[in-house]
Amino acid sequence: MGTLRKTRLVMAILNKFEQSNSAISVVDLVESLRQEMNKTTVYRILERLKNEGELHSFTGKDGRRWYAKNNGCDSNQQTHPHFQCKECGKVECLAFEVTIPHIPNYKIDSAKFLLIGQCEECLS
């Protein structure tokens with residue numbers, strides 16, 4: 001990994017994640033930043049931030065790509081689940097690790113865990 005330059009455009013994307021306590025879909029990022037940069041630039045910066053360990057990504061229930069801050073966890077080493085609320089659409093990382101069992105005669109490279117249900121706010 002190289003050193004990521006904190007250009008104005010990189011900072012614009014990082015600020016979106018600082019302002020949010022949940023994951024952000026790439027579609028929402030592109031829309032909210034369309035006055036500052038084009039879609040290709042958003043995708044390119046997100047990939048760089050992911051490669052530098054600032055963010056991780058996963059696929060939501062609708063097939064959209066979501067990004068979230070790593071918050072001190074290395075998403076390549078820690079397998080944690082994500083939760084998507086079927087009522088309000090909020091998507092977030094859940095703060096516990098899932099242990100992948102050893103399966104004889106198989107090599108597991110990655111696992112994806114998406115839990116779908118209702119968040120605390122929607123249950124109230």
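The values are calculated or read from the model by the stated rules, or taken from the named source; none is laboratory data. The model shown is predicted, which means the values in this text are computed figures rather than measured ones. Note that each Cβ is placed from the backbone with ideal geometry, even for glycine, and that neighbours are counted across all protein chains shown. Side chains included, ligands, DNA and RNA excluded: accessible areas come from the protein's heavy atoms. Shrake-Rupley method; radii C 1.70, N 1.55, O 1.52, S 1.80 Å.
Structure data summary
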{"quantity": "For region 1-50, convex hull volume per residue from C-alpha positions, Å³", "calculated": "79"}
{"quantity": "Vicinal HN-Hα couplings computed from phi for region 64-69 (Karplus, 6.51 cos²θ - 1.76 cosθ + 1.60; Hz; Gly/Pro x)", "calculated": "6, 8, 10, 10, 9, 5"}
{"quantity": "Surface accessible to a 1.4 Å probe, per residue, for the residues of the chain, Å²", "calculated": "67"}
{"quantity": "Arg8 paired with Glu31, simple spin-label distance in nm, labels 7 Å along Cα-to-beta-carbon", "calculated": "2.6"}
{"quantity": "Estimated vicinal HN-Hα couplings, Hz - region 25-37 in sequence order (Karplus 6.51, -1.76, 1.60; Gly, Pro = x)", "calculated": "6, 4, 4, 5, 5, 4, 5, 6, 10, 5, 6, 9, 7"}
{"quantity": "Convex hull volume of the chain per residue (C-alpha atoms, cubic angstrom)", "calculated": "135"}
